[in-house]
1. Can you name the strands (runs of 3 or more DSSP E) wholly within segment 239-337 that have at least 3 residues being modelled with pLDDT of 85 or more and more than 24 Å from Ser34 (Cβ to Cβ)?
2. Only one of Ala165, Ala175, Ala180 is of a type outside the set (S, T, N, Q), touching a residue at least 60 places away in the same chain (Cβ under 8 Å), in contact with a Leu (Cβ under 7 Å, 6 or more places away or on another chain) and over 30 Å from Pro249 (Cβ atoms). Can you tell me which?
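The values are calculated or read from the model by the stated rules, or taken from the named source; none is laboratory data. Keep in mind that what you see is a predicted model, and the values were worked out from it rather than measured. Cβ sites come from the backbone with ideal geometry, for glycine too, and all protein chains shown count toward neighbours.
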Amino acid sequence: MILSAALALFTPLWSGAAGLNAEPATSAGGDSYSAFDGVVEAVRHTQIAAQVAGTVIRLDAKVGDHVVAGQVLLRLDARAADQNALASDAQVQAARATLDVAAKDFERQKMLFQKNYISQAALERAESEFKSTQAQVNAQQAQSGAARTQSGFYIVRAPFAGVIAEVPVSLGDMAMPGRALLTLYDPTALRVTAAVPQTVAARSGATPSPRIELPGLPAANQWIVPARVQLLPIVDAATHTVDLRAELPPGTSGVAPGMFARLWLPVSGASSAAGALPLRVSGAAIVRRAEMTGLYVLDPGGKPVLRQVRLGRVEGDQVEVLSGLMPGERVVADPQAAARVR
């Protein structure tokens with residue numbers, strides 16, 4: 001009696017599970033796309049650092065400013081350097097005056113030697129003193145140029161046209177050699193970089209071309225065809241991935257470095273068992289609860305189990321599953337019916 005009652009209670013539950021409509025997860029044949037998370041980078045991105053020590057006395061740039069090449073961005077206190085440059089200029093003038101005297105004396109010695117009034121040794125001493133004074137002038141001029149160059153380090157200019165991304169200093173801060181003063185990037189040359197498994201990179205086809213998805217943009221501007229794609233020749237030994245760079249076309253608006261992006265890479269004719277091609281399921285089978293996205297998958301006993309997955313692009317009523325599901329596993333098409341099975 002007790003066993004019969006238990007079976008009577010147990011049978012409807014398993015009958016409900018057996019009656020669920022489930023479809024196997026399959027991948028599309030032929031050419032298909034695999035999605036890889038990436039990030040937008042600037043091709044030209046630099047941190048402008050201080051070359052000398054000094055106090056920031058003027059700041060002519062702020063975050064978001066568009067600057068041109070050579071524009072003054074920041075000034076450091078250069079009074080000591082300017083004084084050293086003036087002292088070097090004065091030493092150059094003094095050395096030139098000494099050179100003028102030595103040159104005139106050498107000319108007089110040559111005239112006296114031609115009239116046999118002085119010896120050859122006296123002429124050679126005069127010539128040696130003239131050349132020595134001339135060398136001192138050259139040394140003083142080089143030292144003065146170095147002082148002027150050193151003084152120029154206190155004025156920070158933009159190395160190229162771009163946008164100020166970060167200004168980590170304020171007026172009155174002490175700049176030290178190597179300390180970052182500003183961050184600058186060129187908004188006209190951007191790219192998306194993604195880490196791609198080396199097995200997928202080896203199977204990527206030439207056509208159709210890769211595509212870039214920028215979820216942060218309006219729906220009409222999210223999909224972009226890259227102007228150029230570059231696969232770096234170095235494989236990461238720890239992750240066995242290859243960096244793939246896709247350059248955005250010039251004039252792409254609304255994009256900034258650091259934005260999240262997806263790189264959809266064509267993978268042609270690969271076996272889905274290797275995990276190269278994304279799996280597809282019906283959109284009606286997707287379960288969304290708060291921040292969790294999942295599917296009801298039948299276990300070996302035929303019981304539905306809720307499993308978290310990561311989704312890709314949507315094509316019609318089909319959704320790509322990037323992770324969390326194996327090929328051939330059976331997905332319940334009616335998640336509400338699966339949720340009632342215990």
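1. Ranges flagged: 304-308.
2. Ala175
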